[in-house]
Amino acid sequence: MKLLVTSDLHYNLQQFDWLLQTADRYDYVVLAGDLLNVAGYLELEVQITVISEYLQTLSQRTKVIACSGNHDGENKTRSGEYTATWMQGIATDRIFVDWQHVHDDDTAISVCPWWDGPESRQAMAEMLAEHSQHPAKKWVWVHHAPPDACRVSWTGKRHGGDRFLNQLIELYHPTVVFSGHIHTAPFYQVGGWVDRIGKTWVCNPGHQPGPVPTTIQFDLSTMMAVFDSSEGRETADLSDLDAPLHVQA
Ligand SMILES: [Zn+2]
């Protein structure tokens, strides 16, 4: 099963166009959050309309998995936590969004919402507990913020990941976690686009401006991962959990 993983497109329509051109080579395109840009010049409602259409078009070429990030919530719950209600409205049998559990072949994919406070955090933990009751050979999580204290959470000055996610990873040992959020992590020497926490591979494709997004091509059958950015290509063989992580430029 071949995935094309990207994140933090932040309403860069050229990058969405690029995805449309590339999507049919993969079984899934995975968008690990921050599809919108709350700091953008367009109202969120307009962005939601445009991006919903993009995702629908994209889903005609491949299956789509999209989780919400901190830029994607347009609604507040009664307890005042942001939530991406619009994504629930675009779910189809080819577009999978927050809260969903996608079973395909020997793989299960959990699409985690952005948690914005104790209530949504608890709900997400309960979702993963529920999903853990329906195991598959490989369990993939899509979760906007990366786990903390690893290469993919390095901001250049400190780690900016989600410690709660580390606890969940240590509890359930998923096969791979795809995140984003820390745009620059892949580009620092002590950072990276891939790392390992226990038995779990953690990936963050990062973000770059311009017409082409940073991407990770991830083959779940061979466990080969290829990272592409404007700085070039790097590959990693993730098939052996006991071997040290070796990223090849
Ligand atoms: Zn972002």
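Would you confirm, using the coordinates I've provided, whether Asn12 is open to solvent by 60 Å² or more (accessible area, probe 1.4 Å), within 15 Å of the ligand (Cβ to nearest atom) and within 24 Å of Ile182 (Cβ to Cβ)? Explain how you work it out, then say what you get.
Working: open to solvent by 60 Å² or more (accessible area, probe 1.4 Å): no; within 15 Å of the ligand (Cβ to nearest atom): yes; within 24 Å of Ile182 (Cβ to Cβ): yes.
No; evaluated as a whole, the condition is false for this residue.
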| task | Answer yes or no: is there a residue in region 214-228 that is open to solvent by less than 70 Å² (accessible area, probe 1.4 Å), within 16 Å of the ligand (Cβ to nearest atom) and not in a strand (DSSP E or B). | result | yes
| request: Specify which of the listed residues (Tyr26, Tyr41) is away from the ligand (no atom under 16 Å from the Cβ), modelled with pLDDT under 95 and either of a type outside the set (A, V, I, L, M) or under 23 Å from Pro146 (Cα atoms) (or both). | output: Tyr41
| request: Among the residues of region 60-86, count how many are more than 16 Å from the ligand (Cβ to nearest atom) and hydrophobic (A, V, I, L, M, F, W, C). | output: 3
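Restricted to region 143-169, and to residues that are of a type in the set (D, E, K, R) and open to solvent by less than 50 Å² (accessible area, probe 1.4 Å), which residue is farthest from the ligand (Cβ to nearest atom)?
Taking region 143-169 first, the residues of a type in the set (D, E, K, R) are 148, 151, 157-158, 162-163.
If we keep only those that are open to solvent by less than 50 Å² (accessible area, probe 1.4 Å) too, we end up with 148, 162.
Numbers: Asp148: 16, Asp162: 14 Å.
Selected residue: Asp148.
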| task | Please enumerate the residues belonging to region 196-213 that are surrounded by fewer than 24 Cβ atoms within 10 Å (Cβ to Cβ) and either away from the ligand (no atom under 15 Å from the Cβ) or within 15 Å of the chain's Cα centre (by Cα) (or both). | result | Arg196, Ile197, Gly198, Lys199, Thr200, Trp201, Gly210, Pro211, Val212
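Collect the residues in region 191-219 that are among the aliphatic types (A, V, I, L, M) and under 27 Å from Asn12 (Cβ atoms), keeping them in residue-number order.
Taking region 191-219 and keeping what is among the aliphatic types (A, V, I, L, M), we get 194, 197, 202, 212, 216.
Scanning region 191-219 gives Val194, Val202, Val212, Ile216.
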| task | Please go through region 177-190 and pick out each residue that is surrounded by fewer than 24 Cβ atoms within 10 Å (Cβ to Cβ) and farther than 21 Å from Gln14 by Cβ. | result | Tyr188, Gln189, Val190
| request: Go through region 172-194 and give me each residue that's touching a residue at least 24 places away in the same chain (Cβ under 8 Å) and over 24 Å from Leu35 (Cα atoms). | output: Tyr172, His173, Pro174, Thr175, Val190
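Tell me, yes or no, whether region 73-92 has at least one residue that is part of a strand (DSSP E or B), touching a Leu at 6+ places or on another chain (Cβ under 9 Å) and not polar (S, T, N, Q).
Keep residues of region 73-92 that are part of a strand (DSSP E or B), which gives 75-76, 82-83.
Now narrow it down to the ones that are touching a Leu at 6+ places or on another chain (Cβ under 9 Å): none.
Within region 73-92, not a single residue is part of a strand (DSSP E or B), touching a Leu at 6+ places or on another chain (Cβ under 9 Å) and not polar (S, T, N, Q).
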| message | Any residue at all in region 170-177 that's within 16 Å of the ligand (Cβ to nearest atom) and out of contact with any Cys (no Cβ under 7 Å at 6 or more places or on another chain)? | response | no
| Within region 113-127, considering residues that are within 21 Å of Glu170 (Cβ to Cβ) and either among the charged types (D, E, K, R) or touching a strand residue (DSSP E or B) at 6+ places or on another chain (Cβ under 6 Å) (or both), the one least open to solvent (accessible area, probe 1.4 Å) | Arg121
| task | Please tell me if Val46 is within 16 Å of the ligand (Cβ to nearest atom) and open to solvent by 60 Å² or more (accessible area, probe 1.4 Å). | result | no
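The values are calculated or read from the model by the stated rules, or taken from the named source; none is laboratory data. On a predicted model such as this, the values are computed, not experimentally measured, just so you know. Neighbour counts run over all protein chains shown; Cβ positions are idealised from the backbone, glycine included. Surface areas here come from the heavy atoms of the whole protein model, side chains and all, with no ligands, DNA or RNA. Shrake-Rupley method; radii C 1.70, N 1.55, O 1.52, S 1.80 Å.
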